[in-house]
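Asker: One structure is given below, represented as structure tokens, and several questions about it will come after.
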């Protein structure tokens with residue numbers, strides 16, 4: 001079956017809002033085994049919306065529409081879709097009651113008349129109760145095809161999809177699609193693809209695809225089967241082969257697990273603590289670690305020492321190191337890691353120092369030159385990296401490389 005996404009909203013066309021809904025829905029549809037060949041964005045214009053909806057219904061089995069279900073005049077997704085599918089609207093008392101309850105629950109005393117517009121639904125539609133907003137979701141079936149209308153705010157759309165739309169779509173797709181995401185660090189997408197080209201060339205079921213991320217590479221293995229257990233059995237030999245080829249470059253096979261979660265879990269498993277000593281990354285590394293729920297059991301403190309004086313004062317970096325080697329050097333990265341662990345009273349410390357640009361680089365010491373140090377229980381490792389991209393990308397890549405260095409050091413210590 002084919003699915004198509006149409007995101008409604010002039011604010012999306014103008015770039016005022018990033019279209020994260022389309023990314024989320026596309027990933028969900030892929031996981032459900034739905035083929036997707038088209039996505040589009042259309043502004044709040046009845047004529048253009050009508051054209052977009054008609055074209056989508058003519059070529060796709062499932063049309064997912066997001067946005068334009070609110071109370072204002074420019075919210076017309078439901079009205080246009082009903083017209084295209086030949087349905088009239090009626091006042092759904094259940095939805096009206098839920099809107100009233102929502103206003104009471106959120107402490108709003110006055111309900112303006114235009115809010116009842118959200119309780120108008122197309123004849124024969126399946127109404128999806130929205131527990132996080134006022135506009136209900138809708139499913140309109142027409143023969144073998146259907147249109148699914150979802151509110152635009154992600155905090156409303158995502159729960160509606162996971163709780164009600166996903167089970168509905170699974171019921172329409174008798175075949176189970178199951179995927180595992182093998183996540184790598186230390187291997188770029190082109191090299192990873194080269195290393196598994198024979199598997200890709202021979203693929204039928206399961207299928208294998210690589211995806212590049214910032215300093216990471218993901219390999220999705222997807223199988224079609226009668227049920228999830230059968231699909232897992234089809235996938236297992238391929239994942240085992242990927243482990244044989246990539247070894248410790250694989251940091252997880254759980255799609256929802258991040259590199260920082262893996263690192264924090266390793267620290268907690270070994271009853272270890274970490275601190276960070278950052279220069280060019282300016283706290284990004286600490287932020288990634290602290291984003292992990294339960295990180296307080298492993299993350300003790302963080303130092304941002306952007307200038308040389310603070311590297312000396314907070315981390316105890318010798319002035320002669322800075323004078324002789326400069327702040328961007330292996331020697332200073334090592335001193336920062338050792339000093340950070342001591343100052344933070346932690347078992348481990350990650351240090352980052354580099355030239356993020358756009359200025360400050362030379363031929364010998366170009367923009368993107370980064371040194372990362374990892375101190376762990378008395379042993380310090382320093383790595384040099386030559387990263388590419390703008391200032392933001394270099395800093396993001398440095399954070400990933402630092403997390404991966406600590407991960408590898410922790411795994412090595414576990415094996416000793």
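Asker: I need the full set of residues from segment 133-174 which are free of Cβ contacts under 8 Å to residues at least 40 places away in the same chain, in a helix (DSSP H, G or I) and over 21 Å from the mean Cα position of the chain (by Cα), in order please.
Answerer: 164, 167, 171
Asker: Now for a different question. Just to be sure before I move on: is residue 399 at pLDDT 95 or above, surrounded by fewer than 21 Cβ atoms within 10 Å (Cβ to Cβ) and under 22 Å from residue 188 (Cβ atoms) in the structure I sent?
Answerer: no
Asker: OK, next. Go through (1) part of a helix (DSSP H, G or I); (2) within 19 Å of the chain's Cα centre (by Cα); (3) not assigned by TED's automatic domain parsing to the domain that holds residue 298 and name the single condition residue 238 misses.
Answerer: The one condition residue 238 does not meet is (2).
Asker: What's the total number of residues in segment 95-131 that are within 14 Å of residue 151 (Cβ to Cβ) and either surrounded by fewer than 16 Cβ atoms within 10 Å (Cβ to Cβ) or touching a residue at least 40 places away in the same chain (Cβ under 8 Å) (or both)?
Answerer: So the count comes out to 7.
Asker: Also, quick follow-up: On the basis of being in contact with a strand residue (DSSP E or B) (Cβ under 8 Å, 6 or more places away or on another chain), free of Cβ contacts under 8 Å to residues at least 40 places away in the same chain, in the same structural domain as residue 140 (by TED's automatic domain parsing) and closer than 19 Å to residue 138 by Cβ, does residue 88 make the cut?
Answerer: So residue 88 passes the test.
Asker: Is it the case that some residue within segment 326-342 is in a loop (DSSP other than H, G, I, E, B) and on the phi > 0 side of the Ramachandran plot?
Answerer: Yes, the conditions are met somewhere in segment 326-342.
Asker: Go over the candidates 1, 36, 49 one by one and state the one that is over 23 Å from the mean Cα position of the chain (by Cα) and under 30 Å from residue 255 (Cβ atoms).
Answerer: The conditions single out 1.
Asker: Those residues that are in contact (Cβ under 8 Å) with a residue 12 or more places away in the chain, surrounded by fewer than 23 Cβ atoms within 10 Å (Cβ to Cβ) and within 18 Å of residue 346 (Cβ to Cβ), I need them from segment 268-287; list them, please.
Answerer: Listed by number, the residues that qualify are 268, 270, 272, 273, 283.
Asker: Of these, 37, 90, which one is loosely packed, with under 13 Cβ neighbours inside 10 Å, in contact with a helix residue (DSSP H, G or I) (Cβ under 9 Å, 6 or more places away or on another chain) and assigned to a strand (DSSP E or B)?
Answerer: Only one candidate passes the filter, namely 37.
Asker: Follow-up question, since we're still on this one. Which condition from (1) out of contact with any helix residue (DSSP H, G or I) (no Cβ under 8 Å at 6 or more places or on another chain); (2) on the phi > 0 side of the Ramachandran plot is the one that residue 68 breaks?
Answerer: Just one mismatch for residue 68, condition (1).
Asker: For segment 234-257, how many residues are in contact with a strand residue (DSSP E or B) (Cβ under 8 Å, 6 or more places away or on another chain) and either farther than 30 Å from residue 342 by Cα or without any contact (Cβ under 8 Å) to a residue 60 or more places away in the chain (or both)?
Answerer: Final tally of qualifying residues: 13.
Asker: Just the residues that are farther than 25 Å from residue 258 by Cα and in contact with a helix residue (DSSP H, G or I) (Cβ under 6 Å, 6 or more places away or on another chain), please, taken from segment 171-200.
Answerer: 176 - this is the single residue of segment 171-200 that is farther than 25 Å from residue 258 by Cα and in contact with a helix residue (DSSP H, G or I) (Cβ under 6 Å, 6 or more places away or on another chain).
Asker: Go through segment 56-76 and report how many residues are crowded, with 16+ Cβ neighbours inside 10 Å and without any contact (Cβ under 8 Å) to a residue 40 or more places away in the chain.
Answerer: The qualifying residues number 1.
Asker: What is the one condition in (1) surrounded by 21 or more Cβ atoms within 10 Å (Cβ to Cβ); (2) assigned to a helix (DSSP H, G or I); (3) at pLDDT 95 or above that residue 29 does not satisfy?
Answerer: (3)
Asker: Ok, one more. What's the number of the only condition in (1) in contact (Cβ under 8 Å) with a residue 24 or more places away in the chain; (2) surrounded by fewer than 20 Cβ atoms within 10 Å (Cβ to Cβ); (3) out of contact with any helix residue (DSSP H, G or I) (no Cβ under 7 Å at 6 or more places or on another chain) that residue 313 fails to meet?
Answerer: So residue 313 meets the others, but not (1).
Asker: If you don't mind, another one. Select from segment 358-371 the residues that are touching a helix residue (DSSP H, G or I) at 6+ places or on another chain (Cβ under 8 Å) and crowded, with 20+ Cβ neighbours inside 10 Å and list them in ascending order.
Answerer: 367, 368, 370, 371
Asker: Residue 374 is checked against (1) in contact with a strand residue (DSSP E or B) (Cβ under 6 Å, 6 or more places away or on another chain); (2) crowded, with 20+ Cβ neighbours inside 10 Å; (3) touching a residue at least 40 places away in the same chain (Cβ under 8 Å) and fails just one. What number does that condition carry?
Answerer: In the conditions (1) in contact with a strand residue (DSSP E or B) (Cβ under 6 Å, 6 or more places away or on another chain); (2) crowded, with 20+ Cβ neighbours inside 10 Å; (3) touching a residue at least 40 places away in the same chain (Cβ under 8 Å), residue 374 misses (3) alone.
The values are calculated or read from the model by the stated rules, or taken from the named source; none is laboratory data. Since this is a predicted model, take the numbers as computed values, not measurements. Methodologically, a virtual Cβ is constructed for each residue, glycine included, from the backbone with ideal geometry; neighbour enumeration extends over all protein chains shown.
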